[in-house]
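Undergrad: First the structure, then my questions, so here it is.
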Amino acid sequence: GDSVTQMEGPVTLSEEAFLTINCTYTATGYPSLFWYVQYPGEGLQLLLKATKADDKGSNKGFEATYRKETTSFHLEKGSVQVSDSAVYFCALSALGWGGSEKLVFGKGTKLTVNP
Amino acid sequence: NAGVTQTPKFQVLKTGQSMTLQCAQDMNHNSMYWYRQDPGMGLRLIYYSASEGTTDKGEVPNGYNVSRLNKREFSLRLESAAPSQTSVYFCASSEARGQNYGYTFGSGTRLTVV
């Protein structure tokens, strides 16, 4: 079945450090790929997405490229800020039940950025 | 603001009590979902509704029931709460018949069962 594996955390970085959170997936067909972010005490928010191979999603300085050959969608940011401290979820989308959209989530990676 | 609204935000129940978690969306989405989030477990799907008038079980449906009241509203009921149901509950919605949209989430209900 469809699945998403992302690097386990927690990840702790200093401000202005480079961030990479790895995400790989297994899927039949050609899923869309997403990164969601969850700030403390809040729900999940869509951070970025890519809908086909070689697409790059970007938002708020974060980027991820859909790599079909390696089935990966790694999240990167060149210079993290304290305000980026959150939990990050990788997800894939497939056509699911009754025509609905079925999102499969990774377990999440907690990022803490220290000043 | 457009989005998914969940009520209540916090709730404490005694074992055996019942309650209903409410969820409403104003984006005219067809599909709605209920998840629970527990430490180290990620998000687990409880129930979903692909369209108005339909509901179906997800990964962890035991101890819960749902009602898709209309296109906007999707409620989750705990008939007899147990400590194992202490969790954060999220409602989400999405367009149907597409793979490119992702979900919109509510801000969650933090439930403690004592």
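Undergrad: Could you please state, rounded to a whole Å, how far the C-alpha centre of the stretch A:20-76 is from the C-alpha centre of the stretch B:29-62?
TA: Taking the Cα centre of each part, the stretch A:20-76 and the stretch B:29-62 sit 22 Å apart.
Undergrad: I'd like to check one number: the per residue accessible area of the stretch B:74-114, probe 1.4 Å, reported in Å² as a whole number. Write down the numbers at each step before the final one.
TA: Values: 1460 Å² over 41 residues.
About 35 Å² of surface per residue is accessible.
Undergrad: For chain B, with only Lys/Arg (+1) and Asp/Glu (-1) charged at the beta-carbon, what is the dipole magnitude about the Cα centre, in debye rounded to 20? Write down the numbers at each step before the final one.
TA: Working: 11 positive and 8 negative charges, 35 e Å.
My answer is approximately 160 debye.
Undergrad: Determine, from the Cβ-Cβ distance of B:THR54 and B:ARG77 and an R0 of 22 Å, the FRET efficiency 1/(1 + (r/R0)^6), rounded to the nearest 0.05.
TA: On the way: r = 17 Å, r/R0 = 0.78.
That pair, B:THR54 with B:ARG77, gives E of 0.80.
Undergrad: While we're here: Please compute one quarter of the surface area of the Cα convex hull for the protein assembly as shown and express it in square nanometres. Don't jump to the answer; show the numbers that get you there.
TA: Details: hull surface 49.2 nm².
The Cα convex hull of the protein assembly as shown, projected and averaged over all directions, gives 12.3 nm².
Undergrad: Less than 15 Å Cβ to Cβ from A:VAL37, Lys/Arg counted +1 and Asp/Glu -1: what total charge do the surrounding residues give? Before the final figure, lay out the partial values.
TA: Details: positive: A:LYS49, A:LYS60, A:LYS77, A:LYS107, A:LYS110; negative: A:GLU42, A:GLU63, A:GLU76, A:ASP84.
Taking every other residue near A:VAL37 into account, the sum is +1.
Undergrad: For B:TYR33, what is the net charge nearby, where nearby means another residue's Cβ is under 15 Å from its Cβ and Lys, Arg count +1, Asp, Glu -1?
TA: Details: positive: A:LYS102, B:ARG36, B:ARG44, B:LYS57, B:ARG68, B:LYS71, B:ARG72; negative: A:GLU101, B:GLU52, B:ASP56, B:GLU59, B:GLU73, B:GLU95.
With Lys, Arg at +1 and Asp, Glu at -1, the neighbours total +1.
Undergrad: How much FRET efficiency would the formula 1/(1 + (r/R0)^6) give for A:SER14 and A:LYS52, where r is the Cβ-Cβ distance and R0 is 30 Å, rounded to 0.05?
TA: Working: r = 35 Å, r/R0 = 1.18.
It comes out at approximately 0.25.
Undergrad: Taking the protein assembly as shown, how many lysine pairs are there with alpha carbons less than 16 Å apart, if each pair must be eight or more places apart or span two chains?
TA: Step by step, the pairs that qualify in the protein assembly as shown add up to 10.
Undergrad: Under a point spin-label approximation (7 Å from Cα along Cα-to-Cβ), what is the A:TYR39-B:ALA2 distance to one decimal in nm?
TA: 2.1 nm
Undergrad: Still on this structure: Let me check I've understood the local charge: for A:GLY1, count other residues with C-beta under 14 angstrom from its C-beta, Lys and Arg +1, Asp and Glu -1. What total comes out?
TA: Numbers: positive: A:LYS102; negative: A:ASP2, B:GLU59.
After counting each charged neighbour, the total is -1.
The values are calculated or read from the model by the stated rules, or taken from the named source; none is laboratory data. Everything quoted here is computed from the prediction, not taken from an experiment. No Cβ is skipped: glycine too gets one built from the backbone with ideal geometry, and neighbour counts run over all protein chains shown. With ligands, DNA and RNA removed, areas are computed over all heavy atoms of the protein, side chains included. Shrake-Rupley method; radii C 1.70, N 1.55, O 1.52, S 1.80 Å.
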